[in-house]
Amino acid sequence: MHIHVLGAAAGGGFPQWNCNCFNCDGLRKGTIKATKRTQSSICVSGDGINWVLFNASPDVLQQIQDFAPLQPGRAIRDSGIQAIMLIDAQIDHTTGLFMLREGKVKREIYCTDMVYGDLTSGNQILNILGHYCGINHHQVPIDGKTSFEIPSVPNLKFTAVALKSAAPPYSPHRNDPHPGDTIGVLIEEISTGKKCWYSPGLAEIEPHLPPLMNQADCIMVDGTFWTDTEMMDMGLMTKTARSIGHNPQSGDGGMIEKLDEFGDVRKVLIHINNTNPILREDSAERAILNAHKIEVAYDGMDIIL
Ligand code: MLT
Ligand code: MN
Ligand code: ZN
């Protein structure tokens, strides 16, 4: 299985257009040891030719330009992207769909009923696409048991599960969470049995998750914030990381402590907010991750399982 990180940053990217935090300012000025990152997305293939795009980032056009296997190569209109799976309805995971509107072949969209509801009500993007390429909506089962395949992306199998989270700020049910607002997905390559767990938005490793995560050869999880109060401490938000659906890395019950429980598999943090000190390669926080054998995803990272 080939997993390619298209964008490793959280919403806003790194640097973020209006952000003057230590990291964003330092990256622009070249005074910190870090590299820029686009907004959250990966693509996965079981044959190296046909790819499923996980999340459609606002930066998707740049991401396609930077990764040749997604570019047209077989016909006058063509793409390596055969299907798109949305793990939530957040802006950083869905607005790229607007950039993928051209062509007469319908986009194959895999998402939960909750995400479909948000993307046809609070945010009308799937309705609007109906006036361009059109879409085929495939409902993703979220019981953590029912696996499914995507016919146009051979040799891969998917098992999705509902995660504790909140719907996006624009959602009609923002303050009334439902199963399916956010999912985690176990991706399996059928021919090899290799598996990857992917959950860029993960507020808590709830008891129903380890049975799935324990099967994975690689665990890619939420790397948004270092502390629960990171945005509050900088005066940028009044909410904690956990309350907006992101378990921080440090502290009791944090991601480092939780990932340590998963033994000797590859562990990768993804969806990293620009304020997070782990973006600085020589930071004390990055050294702590290194000591725990936890990697920090970057744009262009390839994971071959
Ligand atoms: C989130 O996951 O909380 C986001 O990155 C928010 C956003 O896209 O604005
Ligand atoms: Mn996000
Ligand atoms: Zn910033």
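Data table
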read-out	value
Condition met for ASP264 (loosely packed, with under 14 Cβ neighbours inside 10 Å, of a type outside the set (A, V, I, L, M) and within 16 Å of ligand 3 (Cβ to nearest atom))	no
Top-ranked residue in the range 196-209 [being in contact (Cβ under 8 Å) with a residue 40 or more places away in the chain and more than 17 Å from ALA167 (Cβ to Cβ); ranked as nearest to the chain's Cα centre (by Cα)]	TYR198
Filter result (closer than 21 Å to MET1 by Cα and of a type in the set (D, E, K, R)) within the range 26-85	ASP47, ASP66
Test: residue in the range 66-81 that is polar (S, T, N, Q) and outside any loop (DSSP other than H, G, I, E, B)	no
Odd one out for THR120, checked against (1) within 16 Å of ligand 1 (Cβ to nearest atom); (2) touching a helix residue (DSSP H, G or I) at 6+ places or on another chain (Cβ under 6 Å); (3) of a type in the set (S, T, N, Q)	(1)
Matching entry among LEU126, LEU186 (being farther than 19 Å from HIS246 by Cβ, at pLDDT 95 or above and touching a His at 6+ places or on another chain (Cβ under 8 Å))	LEU126
Inter-residue pairs, beta-carbon under 6 Å, first closer than 29 Å to SER147 by Cβ and in the range 89-111, second of a type outside the set (Val, Ile, Thr) and within 16 Å of ligand 3 (Cβ to nearest atom), 6+ apart	ASP92/GLY11; ASP92/GLN39; ASP92/SER40
Sole exception among (1) within 16 Å of ligand 1 (Cβ to nearest atom); (2) part of a strand (DSSP E or B); (3) not hydrophobic (A, V, I, L, M, F, W, C) for SER147, by number	(1)
Qualifying residue in the range 278-286 (condition: buried (at least 22 other Cβ atoms within 10 Å of the Cβ), outside any helix (DSSP H, G or I) and touching a Gly at 6+ places or on another chain (Cβ under 8 Å))	no
Strands (runs of 3 or more DSSP E) completely within the range 1-61 that count 2 or more residues being away from ligand 3 (no atom under 16 Å from the Cβ) and of a type outside the set (A, V, I, L, M, F, W, C)	2-7, 41-45
Hits in the range 4-26 - residues which are of a type in the set (A, V, I, L, M) and more than 14 Å from GLN63 (Cα to Cα)	ALA10
Some residue of the range 91-108 being away from ligand 2 (no atom under 16 Å from the Cβ), buried (at least 18 other Cβ atoms within 10 Å of the Cβ) and under 14 Å from LEU6 (Cβ atoms)	yes
Residue pairs meeting the criteria (Cβ under 7 Å; at least 6 apart or on separate chains; first on the phi > 0 side of the Ramachandran plot and at pLDDT below 95, in the range 238-262; second of a type outside the set (A, V, I, L, M) and part of a loop (DSSP other than H, G, I, E, B))	GLY245/SER165; GLY245/THR182; GLY245/GLY201
Residue among SER243, SER199 that is touching a strand residue (DSSP E or B) at 6+ places or on another chain (Cβ under 8 Å) and under 30 Å from PHE22 (Cα atoms)	SER199
Selected residue (only one of ASP66, ASP78, ASP47 is closer than 29 Å to ILE190 by Cα and surrounded by fewer than 13 Cβ atoms within 10 Å (Cβ to Cβ))	ASP78
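One line per residue, one yes/no per condition, for (1) away from ligand 2 (no atom under 16 Å from the Cβ); (2) of a type in the set (Gly, Ala, Ser); (3) within 15 Å of ILE272 (Cα to Cα):
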| position | (1), (2), (3) |
| --- | --- |
| PHE14 | no, no, yes |
| ILE32 | yes, no, no |
| THR35 | yes, no, yes |
| SER45 | yes, yes, no |
| ILE49 | yes, no, no |
| PRO58 | no, no, no |
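The values are calculated or read from the model by the stated rules, or taken from the named source; none is laboratory data. Note that this is a predicted model, so its numbers are computed, not measured. Counting neighbours? That spans all protein chains shown, and the Cβs are built from the backbone with ideal geometry, glycine included.
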